[in-house]
Amino acid sequence: YVREQYSGWTGKFEYHGQRDEIGSTLNVDRYDASFKYLWNIGAFSPPLFVLAMRFSGVAVDAKPVDLKASDDLLPLDYRIFWGGDQNIRGFSRQSLDNGGLGYLTGVYGGFELRLIEELPYRFQPFLLFDYARLGQRRWTTDQAIFLSKGFGLRWASPIGTLRGLAARGEIQKGDASTSAYPEEWVYFFSFGQEF
C-alpha cells in the first residue's frame, strides 16, 4: 500500500549510453541499479517496527576520460552528484560533487528504522543511517567513506506523506579531495516523498 509503506520491495536497473559515431564526441555508458526493501519486523498487524533498506550502485564507463582533463567532454547527466534526502542524507543536495566535476562510480546503502502506530495522529518517528563510497575513476571507489546518522518524523496525512529529518554527515578516511565537504547537521522537509 502506497500510503502505509509497511512491507514489500522494488528494484530498478537503468542504462544510458552515447556513441561517438552517432553524434557524440566520445563513447560513454552509465549503469544505475537500485533495490529497496521494507520489512515489517515480527510481522505484526498493525506493524510495530518497519526496517527500510535501500541499496544503489552507479558506474560510468567512459574511456579514456579523466574528469579534470575532459570537463567539457562528459555531459553532466553522466556524472554522479550525491547528497540530499534520497541518498547520503547528512550532506546537502548534490553537494558531494568532486569540485563540480562529479564522480564516475558510486555505491550507497541506506537504512531507516520506523516506529509505527504508537504515537497519536499517526506520527511515525524513525532513525536513519547511510553509507556511501564514491570514485573519480571508472569501476573504482576512492578510500573516503561518507556516513549519515540522524532521525526524523513521518506523517501519512490525509493529503499525502510529510517527512522531516535531521542528519549529520561524517567522512572517514578522507583526504584532500574531501576536505571541502562540511561535516555538519543537515535538515530536510518533504511532501509526497518516501524513503
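The values are calculated or read from the model by the stated rules, or taken from the named source; none is laboratory data. In this text the structure is predicted, and so the values were computed from the model without any measurement. Here Cβ is always computed from backbone atoms with ideal geometry, including for glycine, and neighbour counts include all displayed protein chains. Surface accessibility is based on the protein's heavy atoms, side chains included, excluding ligands, DNA and RNA. Shrake-Rupley method; radii C 1.70, N 1.55, O 1.52, S 1.80 Å.
Normalised by 2.2 N^0.38 Å, where N counts its residues, the alpha-carbon radius of gyration of the range 1-115 equals 1.36.
Run the dipole for the chain about the Cα centre, Lys and Arg Cβ at +1, Asp and Glu Cβ at -1, nothing else charged, and hand back the magnitude in debye, nearest 20. Don't jump to the answer; show the numbers that get you there.
Numbers: 21 positive and 23 negative charges, 93 e Å.
Using Cβ point charges on Lys, Arg, Asp and Glu, the chain gives about 440 debye.
Three principal axis extents of the range 61-195 based on alpha-carbon atoms, in descending order, are 56, 30, 21 Å. If you take the Cα centroid of the range 86-147 and the Cα centroid of the range 1-80, the two points sit 12 Å apart. Annotation for the range 155-188: GluC sites (Glu not before Pro) lying in DSSP loop with at most 14 further Cβ atoms inside 10 Å of their Cβ are Glu183, Glu184. Placing Thr25, Thr10, Thr105 in order of accessible area, with the largest value first and a 1.4 Å probe, yields Thr25, Thr10, Thr105. Within the accessible surface of the chain, defined with a 1.4 Å probe on protein heavy atoms only, the carbon and sulfur portion equals 59 percent.
Residues Trp155, Trp9, ordered by accessible area of protein heavy atoms at a 1.4 angstrom probe radius and largest first, appear as Trp9, Trp155. Straight Cα distances below 17 angstrom link Lys36 to the lysines Lys12, with same-chain residues fewer than 8 positions distant left out.
Averaged per residue, what accessible area in Å² does the chain show with a 1.4 Å probe, protein chains only?
With all protein chains present, the chain gives 54 Å² per residue.
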